[in-house]
Amino acid sequence: MSVVNKGFHGRRTETVVELPPGQHLTTDFPVLQTGPTPHIDVERWRLTIRDEHGAVHKWTWAQFNELPSRPITVDIHCVTKWSKLNTRWRGVSLDTVLESVGTAAEFALVRCYGGYTTNIPVRDLRGERAWIVYEYDGMPLSAIHGGPARLLVPHLYFWKSAKWVRSIELRADDDPGFWESLGYHNYGDPWREQRYVGD
């Protein structure tokens with residue numbers, strides 16, 4: 001008599017995915033934004049960083065693409081409660097961009113084509129935790145997802161990963177961005193469910 005019946009195929013293994021509280025998985029890539037999608041010609045695109053003393057550092061698209069880049073695979077978490085795992089990007093670390101700036105500023109205000117802004121502590125832009133990305137899933141980043149380039153700060157809610165990035169102001173004081181001034185949490189840590197003021 002066989003000790004293994006025909007329906008037995010070994011133990012089932014399940015992958016346990018750890019998500020921030022209140023989040024659910026999605027396989028698509030929802031698009032959420034506050035206004036129309038700007039279409040930026042890369043020949044006219046500029047990235048500007050202004051330090052706390054007013055000094056300006058500027059890159060054209062060609063100059064930015066000469067900076068060392070790398071692939072990044074990260075999970076992203078939206079304040080509207082979806083999470084997408086293992087998203088694949090390519091971009092330039094903010095460590096690389098800030099290297100030539102030499103700042104002691106504690107805060108950053110990110111400005112975008114189209115008028116959107118968000119504020120982030122400078123410490124959250126360092127330590128290989130933030131990038132300016134220009135590819136998604138092996139392709140140039142589409143305008144609907146923030147192309148030609150967007151900020152990627154995956155350890156914070158995705159509204160902090162500002163689309164269509166054009167400048168970063170390094171500041172001694174904190175200045176709330178678009179959603180932050182409308183009642184969203186000033187920091188936005190998904191693991192602490194910091195969605196709104198008071199969370």
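Overview of values
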| quantity | calculated |
| --- | --- |
| Ranked list, fewest to most other Cβ atoms within 10 Å of each Cβ, for D75, D95, D41 | D41, D95, D75 |
| Antiparallel bridges, percent of DSSP beta bridges restricted to segment 50-192 (to nearest 5) | 95 |
| Packing-based ranking, highest mean first, of 162-173, 44-55 given that Cβ atoms within 10 Å are counted | 162-173, 44-55 |
| Cα gyration tensor, the chain - rounded (a/c under 1.5), prolate or oblate | prolate |
| By average C-beta atoms within 10 angstrom, highest first, the peptides 146-156, 79-89 | 146-156, 79-89 |
| Most mobile listed residue (F107, F29, F64) in the chain, GNM with C-alpha springs under 10 Å | F29 |
| Summed residue charge, Cβ within 12 Å of V133's Cβ, Lys/Arg positive, Asp/Glu negative | +3 |
| Local net charge near A62, Cβ-Cβ under 15 Å (Lys/Arg +1, Asp/Glu -1) | 0 |
| Helix-only mean residue ellipticity at 222 nm for the chain, each DSSP H run of n ≥ 4 adding -39500 (n - 2.57), per residue, nearest 500 | -1000 deg cm²/dmol |
| Fewest-first sequence of I132, I72 by Cβ atoms within 10 Å of each Cβ | I72, I132 |
| Computed over segment 50-192: relative contact order in percent, which uses C-alpha pairs under 8 Å that are six or more apart | 27 |
| Label-point separation, E99 to V42 (7 Å along Cα→Cβ), nm | 2.2 |
| Using a Förster distance of 25 Å, the FRET efficiency for K81-T34 (Cβ separation, nearest 0.05) | 0.85 |
| For H145, H39, H77, order by how many other beta-carbon atoms lie within 10 Å, fewest first | H39, H145, H77 |
| Modelled FRET efficiency - R0 35 Å, L67 with V197, Cβ distances, 0.05 increments | 0.45 |
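Rule-based calculations on the coordinates, nothing more; no lab input. None of these values were measured; they are calculated from a predicted model. With ideal geometry, Cβ positions are generated from the backbone for all residues, glycine too; neighbour counts draw on all protein chains shown.
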